[in-house]
Amino acid sequence: MLTLFGTPRSRSLRVSWLLEELKLDWQYRFIDFGKGEQRQAEFLALSPEGKVPVFQDDSAVLTESAAICLYIAEKYGQGTWLPQAGSAQSAHHWQWCSFIISELEQGLWTMAKHKFALPEAQRRADAIETGLWEFNKAAQTAAIWLNEHTYTCGDSPLVADILLAHTLNWAVKSGCDLPDNLERFRKMMSSRPAMRLALDKEIQVAEQQKLSH
């Protein structure tokens, strides 16, 4: 059984989106941060930092959204959602994945931490402005790399495209403006039926769990 622990619209959506693209059978476990479920011993045994997403594939337990998506694509993708290993396309795909996680999303995470995620005593209002500057700088690089291409690394969507689209949706929700080609890419990827199916499942399960507690 494939089980994904997360909260709607968080980085867990990257994983649920790919699971739906591959039409896999999976279950969603909502972790209610409002009730402190991320600090319960059962969840900390899976994720010592108390963070989502967590992915469980029988005895295998993984954290970190990019690693989870790469694992799923490699094991279940049947040659889709990943380039051929060792190819130049694969190298560019790794470049994109690394950049999205280590550069593009970091400004957004800085903003989020200093808005709500950190304890109030650790938050700094000026760090939000710094995070926005960081994101805008990285977004310009992403726009240059993407240019007028439909996808990040060729003619078909790959894991990096899901990571990029989710990060750009996060940016828009945070009030960021995107370069035109990134905005077109964001809208195109977000219109994929699998993304909507994944988000609907996350929201439905979360609502059901809240009613049952």
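The values are calculated or read from the model by the stated rules, or taken from the named source; none is laboratory data. What you see is a predicted model; the values in this text were computed from it and never measured. Note that we place each Cβ from the backbone using ideal geometry, even for glycine, and neighbour counts take in every protein chain shown. Surface accessibility is based on the protein's heavy atoms, side chains included, excluding ligands, DNA and RNA. Shrake-Rupley method; radii C 1.70, N 1.55, O 1.52, S 1.80 Å.
The table below lists the values:
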| item | result |
| --- | --- |
| His149 accessible area, 1.4 Å probe, all protein chains in place, Å² to nearest 10 | 110 Å² |
| Cα lying deepest toward the dipole's positive end in the chain, options Pro8, Thr167, Ser47, charges on Cβ | Pro8 |
| Inverse mean reciprocal Cα-Cα distance (Kirkwood Rh) of the chain, Å | 17.9 Å |
| Mean Cα-pair separation over length for region 51-168, i.e. relative contact order, pairs under 8 Å, 6 or more apart, % | 26 percent |
| Kirkwood Rh, angstrom, region 95-166 [1 / mean 1/r, Cα pairs] | 13.2 Å |
| Lysines with Cα under 16 Å of Lys187, excluding same-chain neighbours fewer than 8 positions away | Lys173 |
| With every protein chain in place, the chain: carbon and sulfur % of accessible area (1.4 Å) | 51 percent |
| Cα centre as origin, Lys/Arg/Asp/Glu Cβ charges: the chain dipole, Debye | 380 debye |
| Per residue, in Å², the accessible surface of the chain once ligands and nucleic acids are set aside, probe 1.4 Å | 53 Å² |
| Lysines with Cα under 17 Å of Lys23, excluding same-chain neighbours fewer than 8 positions away | Lys75, Lys201 |
| Kirkwood hydrodynamic radius of region 88-213, from inverse mean 1/r over distinct Cα pairs, in Å | 15.9 Å |
| For region 1-61, convex hull volume per residue from C-alpha positions, Å³ | 75 Å³ |
| Relative contact order of the chain, defined on C-alpha pairs under 8 angstrom at six or more residues apart (%) | 26 percent |
| Directionally averaged shadow of region 1-109, computed from the convex hull of its alpha-carbon atoms, nm² | 7.5 nm² |
